[in-house]
Amino acid sequence: MRFSAFDQAGITIHEALYYSIGSGFIIREGDESTPIADRTIPYPFGSAAQLLNLAEERGLSIWQIVFENEKASHNEGEIRDYVDRIWSTMCQCVARGFRAEGVLPGGLRVRRRAPALPRKLETEGEKDPLHAMDWVNVFAMAVNEENAAGGRMVTAPTNGAAGVVAAVAHYYWIFVEGASRDGLFWFFLTAAAIGILYKENASISGAEVGCQGEVGVACSMAAAGLVAALSGTNQQIEHAAEISMEHNLGMTCDPIGGLVQIPCIERNAMGAVKPINACRMAMRESGEHSASLDQAIKAMYESGKDMQTRHKETSSDGLATLNIIEC
């Protein structure tokens, strides 16, 4: 994106070009920036297998591996402050989504549903055994309605999939007995490790690999984070991340009218439920399983490359071509 500033005579007085390099990172043309991969970190890893081996050799949890690597560039206070900022931004986003009424911009006339749902759930009480799942749905929808309206959220790993990790973090904080700030810290650092694996070995772009690279990756990150927050083992973390991606493989990206509204908002709600289930499945097993996370990541990338362009972020197939009047 090029930014230009003009004086009253229309003469350019300043101009700058910025590039989005993914995951919310932006660099300015001409700025010297050391790539993350070139920084000297104590525990480099390029695959889930390497990550697990490192953790076993050093007697560390996955979140501790990430924490030590981050210390190569920041002090502990800066890291914790940044994680707190991530969580605070997610909470603010959900709160705004609960308050904002009306219709989303863009022409599809999609009504905001998140504001009414909390009031209904609070009226109904907690008698329904799936009460928590209803809240997970509304957390995710609140975030993605904010995204569709141009609000501020945390890319996790993308804006279009931002509701999944935020909703699962809210589930942990509100519905898990004994939830703590430490647990949230472990959650986000572990989720980051999984996100790194997808970004380095596959893709987080719906335009490149379909929605499996956005909501699918978000599910994988959230599942791993939740296991970590619940003090699961590294093997259980890897297993939960694999389960989540395994059941998102082949997901296309076909938003109606090119807007991140239908099916994107509900897709985040559906996606936010999967990590919780994957976490529960993985934590009831030893961690041994047939397919590895590395294999799931490779399968996602290969299926994404094989996917026809019209099944990706082009609004030219699937739901985007159904007989839905866009006016």
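Each value in this text was obtained by applying a stated rule to the coordinates, not by laboratory testing. Keep in mind that this is a model prediction, so the values were computed, not measured. Note that we place each Cβ from the backbone using ideal geometry, even for glycine, and neighbour counts take in every protein chain shown.
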**Asked** Under 29 Å Cα-Cα from residue 127, which lysines qualify once same-chain neighbours fewer than 8 residues away are excluded?
**Response** 274
**Longest exposed-site-free window of the chain, the sites being trypsin sites (Lys or Arg not before Pro) in a DSSP loop that have at most 12 other C-beta atoms within 10 Å** = 153-283
**Message:** With θ taken as phi - 60° and the coefficients 6.51, -1.76 and 1.60, list the Karplus ³J(HN,Hα) couplings across the range 134-140 in order, rounded to whole Hz; mark glycine and proline as x.
**Reply:** 4, 5, 4, 4, 6, 4, 5
**Prompt:** Rounded to the nearest 20 Debye, what is the dipole magnitude of the chain about its Cα centre when Lys and Arg each give +1 and Asp and Glu each give -1 at the C-beta?
**Reply:** 840 debye
**Prompt:** Using a simple spin-label model with points 7 Å from Cα along the Cα→Cβ vector, what separation in nm is obtained for residue 82 and residue 309?
**Reply:** 3.6 nm
**Item:** q = 0.06 Å⁻¹, the chain: log10 I(q)/I(0) [Debye, one scatterer per Cα]
**Value:** -0.21
**Complete:** Applied in sequence order to the range 167-175, the curve 6.51 cos²θ - 1.76 cosθ + 1.60 (Karplus, θ = phi - 60°) yields integer Hz couplings, x standing for Gly and Pro, of 5, 5, 5, 5, 4, 4, 5, 9, 10
**Request:** First select every other residue whose beta carbon is under 15 angstrom from the beta carbon of residue 168; then total the charges, Lys and Arg +1, Asp and Glu -1.
**Result:** +2
**Partners for residue 71 among lysines (Cα-Cα distance below 30 Å; same-chain residues under 8 apart left out)** = 199, 298
**Request:** Distance between Cα centroids, the range 222-283 to the range 80-156: provide it in whole Å.
**Result:** 17 Å
